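Okay, here's the structure, questions in a sec.
The values are calculated or read from the model by the stated rules, or taken from the named source; none is laboratory data. Computed from a predicted structure; not experimentally measured. Here the Cβ positions follow ideal geometry from the backbone for every residue, glycine too, while neighbour counts run over all protein chains shown. Please note that ligands, DNA and RNA were not included when accessible areas were found on the heavy atoms of the full protein model with its side chains. Shrake-Rupley method; radii C 1.70, N 1.55, O 1.52, S 1.80 Å.
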Amino acid sequence: NAGVMQNPRHLVRRRGQEARLRCSPMKGHSHVYWYRQLPEEGLKFMVYLQKENIIDESGMPKERFSAEFPKEGPSILRIQQVVRGDSAAYFCASSPSASRDTGELFFGEGSRLTVL
Amino acid sequence: DAKTTQPNSMESNEEEPVHLPCNHSTISGTDYIHWYRQLPSQGPEYVIHGLTSNVNNRMASLAIAEDRKSSTLILHRATLRDAAVYYCILRFEYGNKLVFGAGTILRVKS
């Protein structure tokens, strides 16, 4: 059973371009979470999605950032008109359910965005 | 933000046990205590979780105080590969998501 797959692992963009980060959750998982980790800083929650629905986007910047998790295909984190401050590692995690007894979130290896 | 308090860093010798403390004095009755770790340049990795009773798994043990206001992650024999940032998190404090604090940087000396 493959783990959470993120791609690309490394992405370089120039200021003003768009960045698209993809996350394929583990098989059977319908909950996806995105986190951002700025250099030398901690992990910050961005958004929590279930299939076709955004459940919690309290950590998403109000502009330029969007996320989706369509019925078919991976979850996408989209950053429009990137700026240097967007340079960070973006981690995706998945879980099978929202049960209180659910143990763990499974994290991917991350996508590292560098904005020139 | 996260309602847990952990030491900024700890150091251990290889092959010795490590006790990583966490204070969560405002924990509610339904909050689960979760531990994750993040190795350098990797995504976070689940370690263990518990509610009231002590828990053991192949990676570690979790000792939870009787009043649940603190817990301790125990690595029985630290190895160099255990060097990581360890996060203590109260799951469901903020809904289904995990809210990470600063964690404890564990350094393991050979």
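What pairs come up if the first residue lies in the stretch A:45-65 and is within 14 Å of chain B (Cβ to nearest Cβ), the second is in a loop (DSSP other than H, G, I, E, B) and open to solvent by 80 Å² or more (accessible area, probe 1.4 Å), and their beta carbons are under 7 Å apart, counting only those six or more places apart or on different chains?
A:Val47/A:Glu57
Would a scan of the stretch B:57-75 turn up a residue that is more than 11 Å from the chain's Cα centre (by Cα), within 30 Å of A:Leu49 (Cβ to Cβ) and within 12 Å of another protein chain (Cβ to nearest Cβ)?
Checked the stretch B:57-75: at least one residue is more than 11 Å from the chain's Cα centre (by Cα), within 30 Å of A:Leu49 (Cβ to Cβ) and within 12 Å of another protein chain (Cβ to nearest Cβ).
For the stretch B:79-110, give me each residue that is buried (at least 18 other Cβ atoms within 10 Å of the Cβ), away from chain A (no Cβ under 14 Å) and more than 14 Å from the chain's Cα centre (by Cα).
B:Val108
Related question: Quick one: in the stretch B:25-41, of everything that is within 26 Å of A:Phe91 (Cα to Cα) and not in a strand (DSSP E or B), which residue is farthest from the chain's Cα centre (by Cα)?
Among those that are within 26 Å of A:Phe91 (Cα to Cα) and not in a strand (DSSP E or B), it is B:Ser41.
Which one of the conditions (1) on the phi < 0 side of the Ramachandran plot; (2) open to solvent by less than 60 Å² (accessible area, probe 1.4 Å); (3) more than 16 Å from the chain's Cα centre (by Cα) does A:Glu41 fail to meet, given that it meets all the rest?
(2)
Taking the stretch B:55-73 only, how many residues are under 15 Å from B:Arg37 (Cβ atoms), open to solvent by less than 40 Å² (accessible area, probe 1.4 Å) and part of a loop (DSSP other than H, G, I, E, B)?
Total satisfying the criteria: 1.
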